[in-house]
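Q: Supplied in structure tokens, the structure appears directly below.
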Amino acid sequence: MVVMEQNAQAPLYIKMDEADNVAVVANDGGLPAGTVFVSSLTLLEHVPQGHKVALGDLKKGDPILRYNEVIGYAAQDIKAGSWIEESLVKLPTAPELDELPLSNKVPQALAPLEGYTFEGYRNPDGSVSTKNLLGISTSVQCVAGVLNQAVKRIKAELLPNYPNVDDVVALNHGYGCGVAINAPEAVVPIRTIQNLATHPNFGGEVIVIGLGCEKLAPERVVPGCDKGDIICLQDHKGFDAMIQKILQEAKVRLERLNQRKRVTCPASELVIGLQCGGSDALSGVTANPAVGFAADLLVRAGATVIFSEVTEVRDAVHLLTPRVVSEEVGQALIREMKWYDRYLELGEVDRSANTTPGNKKGGLANIVEKAMGSIAKSGKSAIVGVLSPGEKVKQKGLIYAATPASDFVCGTCQLASGIHLQVFTTGRGTPYGLAMAPVIKVGTRNALKEQWPDLIDVNAGRIAAGEVTIEDVGWEIFRLILEVASGRKETWADHWGLHNDLCLFNPAPIT
Ligand code: CA
């Protein structure tokens, strides 16, 4: 990355690669027409922050290069110093999946980082927790109303007696009945529900609330669980009996969870999810590269790092397939891309349906530009494994978990994969959070941190202003992960109790 001017007050643009013919304006509020940069480039019109300026004259049809990648083609002649707003960028086709290089530039492993630990809970199966939660699963949406009332009572009447338990979480979802349960793709929501029910932050404790007549039998939520772990509402006489039964079973488990104490665990036991939401053009300049640096630190410490979001990887997949450790992993990555291409085709759209009005306002012209910034989260390590949506992770190192890019769906899928904590980057700003695992939010711009000082945990915007480096913020994120995983620091989302609903990915028919 070439930062043209170090003074935050001076006009500043950021060019990601020497070969680029566009750069993004870094100054808060953008820059007016007539602004002259150190390079002597003069703006012909106002360019908002994060938006692109043409560094030289472009002819209609010329490739527009950012990150030394073609993010589009000039829709008309464009003069140097012009604002390249989205209508001037023609979308290229997505990389051809059958012609990708596989495993031909596998990054060398970086030096291991020894001695990093956190204070976590040790689970009976050997895994660890970053929170000590009572999770109450459900087999069907019908029970959500009753469970929500029960959880209200548990929090008010029981939880204060168990100070070592952090919270009670109802795993409500929209699945379980009225669905084509034997459709091939039904495997996705079903395994997601199963893997959520046994999330490591629940410490091995299980309760499943079922109705009694639903398609997804409660026994299937946690295969092999004790009969005593299942409460079927149709087996109880009236509302109060249901609530009493749930409270009674919750109490038994709260007593056990309350016995648990934090112990020192190696950082290698952590599973960290990465996601972005409400991205802007600075996402790929500040927050995502800093998260990528932190991801490399985690991999060096022996941990598991999961990145996701198919539609934000699709246009950059040619940059990922060389990094996979084997042809087999490469084929798995391509299989997930193809599956998603087809899924989108059935809905008569393609990956370009991903970008939001906010992305565009933030300077992202299209999904190609968004994807180039998005994959920066994955750092520079080799990709050792690929998961289908909602599959549980079983490997250390950098893993690609195929999920929709939708924040709440990706969050749910990554929880099912077993993340202990999620790092979430945002440019436009979102109060997003998860009940089952802490979410550290990293902002891309100084102005966002100023606007939301009590929602954004880490401000990567200082990178654009030249105040700190990508490496500085990467280390800050890495250290904060260990603090939050240890329960020593609280994220803003947890501080305010901002927790989004679980939102299953169900690509199968609803009946
Ligand atoms: Ca997302």
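The values are calculated or read from the model by the stated rules, or taken from the named source; none is laboratory data. As the structure is a prediction and not an experimental result, all values here were calculated from the model. In this analysis, Cβ positions are derived from the backbone assuming ideal geometry, glycine residues included, and neighbour counts consider all displayed protein chains. Accessible surface areas use protein heavy atoms only, side chains included; no ligands, DNA or RNA. Shrake-Rupley method; radii C 1.70, N 1.55, O 1.52, S 1.80 Å.
Q: With the cut-off at 13 Å, report for region 364-429 the share of all Cα pairs above it, as a whole percent.
A: 70
Q: A follow-up question, please. Give the percent of DSSP beta bridges with both residues in the chain that are antiparallel, rounded to the nearest 5.
A: In the chain, DSSP labels about 40 percent of beta bridges as antiparallel.
Q: Take the residue pairs LYS105/LYS377; LYS79/LYS360; LYS15/LYS396 and return only those whose Cα atoms are more than 26 Å apart.
A: Table pairs above 26 Å Cα-Cα are LYS15/LYS396.
Q: Using only the alpha-carbon atoms, how far is helix 238-258 inclined from the longest principal axis of the chain? Give it as 0 to 90 degrees, nearest 10.
A: Computed tilt is about 70 degrees.
Q: Report, ordered by chain and residue number, the lysines lying within cross-link reach of LYS131, taken as a straight Cα distance under 19 Å and ignoring same-chain residues fewer than 8 apart.
A: Within reach: LYS155, LYS251, LYS261, LYS392, LYS441, LYS489.
Q: If you don't mind, there's one more thing I want to ask. How do 121-127, 217-223, 288-294 rank on mean C-beta neighbours within 10 Å, highest first?
A: Packing order, densest peptide first, comes out as 288-294, 217-223, 121-127.
Q: Measure off 7 Å from each Cα along the Cα-to-Cβ vector at GLN331 and PHE408, then give the distance between these two points in nanometres to one decimal.
A: So the two model labels end up 3.8 nm from each other.
Q: Compute the Cα gyration tensor for region 109-231, then decide on rounded, prolate or oblate, letting a ≥ b ≥ c be the square roots of its eigenvalues: rounded whenever a/c is under 1.5, prolate when a/b is larger than b/c in the other cases, and oblate in all that remain.
A: In terms of gyration-tensor shape, oblate.
Q: Can you give the accessible area of PHE37, probe radius 1.4 Å, in Å² rounded to 10?
A: 10
Q: Per DSSP H run of at least 4 residues, take -39500 (n - 2.57); add these up for the chain, divide by its residues and hand me the 222 nm value, nearest 500 deg cm²/dmol.
A: -8000 deg cm²/dmol
Q: Okay, next question. Per-residue accessible area for MET242 at 1.4 Å probe radius, Å² rounded to 10?
A: Result for MET242: roughly 30 Å² accessible.
Q: Still on this structure, please answer the following. Please list, short to long, the whole-number percent of alpha-carbon pairs of the chain in consecutive 20 angstrom bins beginning at zero.
A: Here the calculated profile for the chain is 23, 52, 22, 3.
Q: Quick check: net charge around LEU110, other residues with Cβ under 9 Å of its Cβ, Lys/Arg +1 and Asp/Glu -1?
A: +1
Q: Further question on the same structure: Give the relative contact order (percent, whole number) for the chain; include only Cα pairs under 8 Å separated by 6+ residues.
A: For the chain, the relative contact order is 18 percent.
Q: Modelled label-to-label distance, GLN76 and ASP454, 7 Å Cα→beta-carbon offset: nm?
A: It works out to 4.7 nm between the two label points.
Q: Jot down the radius of gyration and Dmax of region 269-496, Cα atoms only, both in angstrom.
A: That works out to 16.1, 48 Å for Rg and Dmax.
Q: Which order do peptides 393-406, 346-359 fall in by mean Cβ count within 10 Å, highest first?
A: 393-406, 346-359
Q: Just grab the label-to-label distance for ASP98 and GLU45, each label 7 Å out from Cα along the Cβ direction, in nm (one decimal).
A: Spacing of the two 7 Å Cα→Cβ label points: 4.2 nm.
Q: Show me, bin by bin at 10 Å from 0, the whole-percent P(r) of region 217-365 based on Cα pairs.
A: 8, 21, 23, 19, 23, 5, 0
Q: Is the C-alpha gyration tensor of region 309-371 telling us rounded, prolate or oblate? Criteria: a/c under 1.5 is rounded; beyond that, a/b larger than b/c is prolate, otherwise oblate.
A: oblate
Q: Computed on alpha carbon atoms, what radius of gyration and Dmax characterise region 1-92, expressed in Å?
A: 12.1, 36
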